Amino acid sequence: MSLNLLLLILCYAAMICTLILLPQNTKKIVNKAGTLLYSLKNKNNLGFYAVCIVAFALVILLFFQQVTLYTVIIDLCAVFGLFIVTKEWALKKVYGVYQNLIIINSTVLEYSDIVTFPILNLPKEEQEHYQKNVLVVATESKGNINLIFETDDDCSKVIQILTEQDIIKE
């Protein structure tokens, strides 16, 4: 078996596993999430289909090239790019605030991981200097995370829900 064929098989296997397993993982996350409290708008993601086509085409085109470090790196970039857009595509259908966690922009944030909301702890006049559609969350495991919402109203609604759920302490 040639090195080109081995690289092609490995890349395609990783890509197909990504396309199958990530949507399955999303179902597990939603089951763990609890009741949907507020659905967030999700962007149209036509880029997913474009990246899928380009990633698969790139791997097959590189099959006809001599295997070098550059072809391996480009193949890995195609696999990783497909992973990123598949994760975004699988999660975008379930963006929202749930009983146990928030899902937005490919981020799954469990309430138990939240330490504080740094911007919300500032005085009101200082909060005015920050974007109204961004909620900064300090977590134990991931550090500070910026949750970026489509609109200011979505961010305000999420803050209201988190306050009602006693996640944000006033």
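The values are calculated or read from the model by the stated rules, or taken from the named source; none is laboratory data. Nothing here was measured: the structure is a model prediction, and the numbers come from that model. Positions of Cβ are backbone-derived with ideal geometry, glycine not excepted, and every protein chain shown enters the neighbour counts. We work out accessible area using only protein heavy atoms, side chains counted, and drop any ligands, DNA or RNA first. Shrake-Rupley method; radii C 1.70, N 1.55, O 1.52, S 1.80 Å.
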Unique match (being over 26 Å from ASN31 (Cβ atoms) and either in contact (Cβ under 8 Å) with a residue 24 or more places away in the chain or among the polar types (S, T, N, Q) (or both)) among THR71, THR86
THR71
Keeping to the range 133-170, report how many residues are of a type in the set (Lys, Arg), touching a helix residue (DSSP H, G or I) at 6+ places or on another chain (Cβ under 9 Å) and surrounded by 14 or more Cβ atoms within 10 Å (Cβ to Cβ).
0
Selection within the range 51-77 - open to solvent by 30 Å² or more (accessible area, probe 1.4 Å) and of a type in the set (Val, Ile, Thr):
VAL51, ILE53, VAL54, ILE60, VAL67, THR68, VAL72, ILE73, ILE74
Checking the structure you have, find out if any residue of the range 131-153 is outside any strand (DSSP E or B), of a type in the set (S, T, N, Q) and without any contact (Cβ under 8 Å) to a residue 24 or more places away in the chain.
yes
Which numbered condition PHE80 fails, given (1) free of Cβ contacts under 8 Å to residues at least 12 places away in the same chain; (2) open to solvent by less than 50 Å² (accessible area, probe 1.4 Å):
(2)
Output for Cβ contacts, cut-off 7 Å, separation at least six or different chains, first residue over 15 Å from ILE167 (Cβ atoms) in the range 100-116, second open to solvent by 50 Å² or more (accessible area, probe 1.4 Å) and assigned to a strand (DSSP E or B), reads ASN105/ILE148
Could you tell me how many of the residues in the range 101-129 are more than 23 Å from ALA90 (Cβ to Cβ) and hydrophobic (A, V, I, L, M, F, W, C)?
6
